[in-house]
Amino acid sequence: MLRAASLKKAYGAIHAVNGVSLDAADGETIGLLGPNGAGKTTLIGMLAGLVEPDSGEVRIAGEAIGGDTSAVKLKLGLVPQELALFEEMTANANLDLFGALYGLSGARLARERARVLELVGLSDRAKDKAESFSGGMKRRLNLAAALMHDPQVILLDEPTVGVDPQSRNAIFDNLEELKAGGKTLLYTTHYMEEAARLCDRIAIMDHGKVVANDTLSELLRLIPVSNFVVIDLAAEGFDGMPELREMSGVAEAALNGRQLRIGVEALSLLPDLLVWLRGRGAEIEHILTERPTLETVFLHLTGRSLRD
Amino acid sequence: MTAFVALVRKDLRIFFADRRAVIMAFAAPILIGSFFGYVFGEPRNPKDQSRMKVLVVDQERQGAAKDLIASLGKDPNLEVAASELEAAREAVRKGKVPVAIVIPEKFGEQAGQALFGAGAKPEIIVLFDPSHRVEAGMIRGILTGQVMQTVTKDAFGGEGGKRTATSMRRSVEGAPMEASEKSALTGLLQSVEKFNARPQAARGGGGGGLTIPFAMKDEALTSRAGVVYNSYAHSFGGMAIQFMLFMGIDVGIGMLLLRQRGLWRRFRAAPLSKTTLLGSRAVSAMLVGMLILAVVFSFAWLVFGVKVEGSMVGFLGICAAFSLMTAGYGLLIAALGRTPEAARGLAILGTLLMVMLSGAWVPSFLFPRWMQRVTTLVPARWAMDGLDAMTWRGLGLEEALPAIGVLLLAAVVFGAVAVWKFRWEADG
Ligand SMILES: Nc1ncnc2c1ncn2[C@@H]1O[C@H](COP(=O)(O)OP(=O)(O)OP(=O)(O)O)[C@@H](O)[C@H]1O
Ligand SMILES: [Mg+2]
């Protein structure tokens with residue numbers, strides 16, 4: 001449905017997007033994760049035909065976006081990262097305008113407007129000016145504005161950025177509804193939980209490149225750790241770290257004050273680990289195990305935390 | 001078409017939702033236009049006309065000087081007051097009065113003799129404030145006429161005249177000159193004596209004296225006889241031009257803000273041609289511009305009686321062409337500006353310069369000659385002159401056509417540069 005091949009875009013010396021290929025099948029939801037400046041917005045811009053790539057090509061349902069008035073654009077909906085709304089106009093007026101840009105008018109326009117307002121739960125505020133909306137409501141209107149022409153492929157640039165958890169959940173429900181309706185979604189986010197919950201596949205971007213692109217479970221397999229064992233010791237000054245790191249079955253280990261964080265290849269190592277610690281005279285106060293997350297994968301792949 | 005109309009409607013909606021923009025566009029030109037029109041205008045009621053104050057120092061205190069002062073006092077342009085020399089000097093030096101005149105002793109006698117080329121001419125001293133040279137010149141003119149009249153009247157009938165004629169005849173008779181000349185001159189003076197000796201009753205009404213042999217009737221040239229110059233026509237036209245250009249700045253800045261607010265992304269993501277995107281903005285800007293002109297000139301018409309004395313078609317043509325040029329100007333700012341903040345200051349400076357050079361503040365006929373010529377390169381100057389021509393000058397359509405042509409050309413050039421330099425990519 002959506003296919004990008006070897007996309008490149010440089011701004012002077014900055015390679016904003018440096019050779020990205022990406023596919024999304026019909027009805028598939030893809031999450032695009034990456035730290036600030038990774039090139040997500042630039043990539044979305046090229047997919048939507050806003051930014052001319054230096055090289056590479058984009059196809060929507062097999063067709064390239066031919067020009068300004070290309071009919072291919074009707075298949076695409078874009079939710080910009082910014083709150084791209086006319087604040088001095090009502091929600092209705094905003095939606096009417098963006099519908100009209102895609103050629104909607106008359107009864108069809110009114111019908112689509114009612115549909116998207118219903119979807120994002122703003123029907124009762126339709127006659128209010130956008131400037132009177134809360135941040136979360138503006139985000140929802142920002143989403144609704146891209147859906148007026150009922151596009152098959154929806155590109156969302158951080159649709160939940162900067163909103164409270166309640167609004168984020170509401171938007172998330174909207175996205176799930178779109179996904180259930182068979183739409184193809186590609187969206188960028190900083191929130192791993194979102195990506196983990198909604199996306200069929202996750203692409204991780206860094207420095208203009210896609211460094212991994214797979215399902216969550218496959219991504220998790222990229223790292224050698226199956227579990228993290230987090231142990232709080234009674235006293236500081238534990239001195240067995242070099243030996244611990246060499247231990248077979250231990251992928252990584254870190255000491256932070258009294259807290260030990262050990263990544264193990266299999267949890268079956270745990271009894272041996274505890275015996276070894278007692279042998280070193282270390283007294284244990286608390287013990288906890290964690291599964292690796294997308295965050296871990298991200299850290300592993302990019303050496304950076306996503307929310308830096 | 002749906003999209004085009006929707007975009008125009010959106011622009012108009014946003015314009016009218018912005019109270020600041022509306023006030024700037026309609027109230028400001030009316031307010032400032034009224035002010036300039038009032039300050040630069042001729043008072044509409046002749047009684048309001050301030051008469052020029054003149055101090056007169058009479059050092060003769062009799063005859064001819066008294067007559068002169070009396071006749072000066074009758075001049076409708078002057079408000080004459082008597083004064084002493086030192087006081088008059090002081091008043092002029094302090095700028096309290098623009099001009100004072102000093103009539104010397106023996107003025108009547110000396111002037112009468114000087115009239116026939118004999119003896120020294122009496123000196124009337126004109127004291128004037130150097131910042132009022134024009135008024136001093138005007139006084140000199142009035143004075144010349146009045147002196148001529150008073151002195152000749154005295155010479156041909158007054159007591160002084162009788163004495164002068166007789167004493168002069170005697171001196172001529174005793175003078176060494178050719179016999180034929182002498183007899184001609186004595187004859188003339190004898191005739192004057194005879195004229196002066198007529199019985200009082202035989203003299204005609206005022207017994208006149210020489211007057212300047214012509215009368216002047218001033219007529220300020222406007223469209224037709226009877227139409228008076230209306231300074232409000234110029235000031236309202238000028239301010240409409242200024243605030244329309246400001247509206248053009250808002251158009252440009254608004255487009256740069258679209259980019260910053262991500263709206264440009266939405267517009268570019270939609271299947272819209274470049275013509276639709278820029279054309280709709282040009283059309284909405286032009287509509288607002290026409291509306292500004294309509295409101296401003298309607299106000300001027302209703303309140304100050306400003307009328308299109310010339311060609312209405314020409315007037316509307318200039319309004320339309322200038323509105324289009326304003327739209328082009330707005331797009332140009334959008335194309336050349338990097339950020340709204342950076343563009344605003346520069347655009348305001350450029351606009352104020354353009355307005356200043358157009359003659360909207362100070363009419364361009366007051367510019368030095370070279371500047372009058374150079375400023376024809378400023379499109380707004382053509383709009384200003386064109387509006388003047390169609391309103392108070394009352395000229396015909398043929399006078400509007402060059403202005404319309406230049407404004408349309410400017411609109412096309414601005415528009416073309418805007419399209420050429422416009423950053424179409426929505427790359428934030
Ligand atoms: N128009 C532009 N001119 C110059 N540099 C640009 C432009 N647009 C983007 N860049 C640069 O390209 C890089 C990628 O930017 P982009 O906005 O695509 O990142 P992003 O992943 O969307 O970041 P964020 O999470 O902050 O939104 C950045 O270094 C940015 O500074
Ligand atoms: Mg971004």
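The values are calculated or read from the model by the stated rules, or taken from the named source; none is laboratory data. Because the structure is predicted, anything quoted here is derived from the model rather than measured. Methodologically, a virtual Cβ is constructed for each residue, glycine included, from the backbone with ideal geometry; neighbour enumeration extends over all protein chains shown. Accessible surface areas use protein heavy atoms only, side chains included; no ligands, DNA or RNA. Shrake-Rupley method; radii C 1.70, N 1.55, O 1.52, S 1.80 Å.
Within region B:334-356, the set of residues being open to solvent by less than 20 Å² (accessible area, probe 1.4 Å) and under 20 Å from residue B:406 (Cα atoms) comprises B:351, B:355.
Of the residues making up region A:147-181, those that are more than 16 Å from ligand 2 (Cβ to nearest atom), touching a residue at least 24 places away in the same chain (Cβ under 8 Å) and small (Gly, Ala, Ser) are A:167, A:170. Every condition in (1) surrounded by fewer than 20 Cβ atoms within 10 Å (Cβ to Cβ); (2) within 13 Å of ligand 1 (Cβ to nearest atom); (3) farther than 28 Å from residue A:172 by Cβ holds for residue A:9 except the one numbered (1).
Of the residues contained in region A:64-77, none is found to be under 29 Å from residue B:15 (Cα atoms), within 16 Å of ligand 2 (Cβ to nearest atom) and assigned by TED's automatic domain parsing to the domain that holds residue A:186.
Okay, residues lined up against (1) aromatic (Phe, Trp, Tyr); (2) within 14 Å of another protein chain (Cβ to nearest Cβ); (3) more than 16 Å from ligand 1 (Cβ to nearest atom):
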| site | (1), (2), (3) |
| --- | --- |
| A:100 | no, yes, yes |
| A:106 | no, yes, yes |
| A:185 | no, no, yes |
| A:189 | no, no, no |
| A:207 | no, no, no |
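Selection of first residues in region A:29-50 that are in the same structural domain as residue A:63 (by TED's automatic domain parsing) and near ligand 1 (Cβ under 10 Å from one of its atoms) and of second residues that are assigned to a helix (DSSP H, G or I) and among the hydroxyl-bearing types (Ser, Thr, Tyr), restricted to Cβ pairs under 8 Å at least 6 apart or on distinct chains, gives the following pairs, ordered by first then second residue: A:35/A:302. For region B:224-267, filtered to residues that are crowded, with 19+ Cβ neighbours inside 10 Å and in a loop (DSSP other than H, G, I, E, B), the residue that is modelled with the highest pLDDT is B:262. Tally up the residues in region A:179-196 that are more than 26 Å from residue A:291 (Cβ to Cβ) and either surrounded by fewer than 20 Cβ atoms within 10 Å (Cβ to Cβ) or β-branched (Val, Ile, Thr) (or both), please. Total meeting the criteria: 4. Of the residues that sit in region A:26-62 and are surrounded by 21 or more Cβ atoms within 10 Å (Cβ to Cβ) and more than 14 Å from chain B (Cβ to nearest Cβ), which one is farthest from ligand 2 (Cβ to nearest atom)? Per the stated criteria, the residue is A:29. Away from ligand 1 (no atom under 16 Å from the Cβ), touching a strand residue (DSSP E or B) at 6+ places or on another chain (Cβ under 6 Å), of a type outside the set (S, T, N, Q) and more than 14 Å from chain B (Cβ to nearest Cβ): is that true of residue A:224 in this structure? So residue A:224 passes the test. Of all residues in region B:279-305, those that are under 30 Å from residue A:66 (Cβ atoms) and either open to solvent by 10 Å² or more (accessible area, probe 1.4 Å) or not in a helix (DSSP H, G or I) (or both) total 4. When residues of region B:107-134 are filtered for being surrounded by 15 or more Cβ atoms within 10 Å (Cβ to Cβ) and among the charged types (D, E, K, R), how many remain? Number of matching residues: 2. Considering region A:87-98, and only residues there that are within 28 Å of the chain's Cα centre (by Cα) and buried (at least 20 other Cβ atoms within 10 Å of the Cβ), the residue that is nearest to the other protein chains (Cβ to nearest Cβ) turns out to be A:98. Here the helices (runs of 4 or more DSSP H) wholly within region B:1-92 that include at least 3 residues being out of contact with any Cys (no Cβ under 6 Å at 6 or more places or on another chain) and more than 14 Å from chain A (Cβ to nearest Cβ) are B:28-40, B:63-74. Which of the residues spanning region A:108-138 are within 29 Å of the chain's Cα centre (by Cα), more than 19 Å from residue A:153 (Cα to Cα) and within 14 Å of chain B (Cβ to nearest Cβ)? Selection gives A:130, A:131, A:132, A:138.
Checking each residue in region A:65-86 for being open to solvent by 50 Å² or more (accessible area, probe 1.4 Å) and more than 9 Å from every other protein chain (Cβ to nearest Cβ) picks out A:66, A:75.
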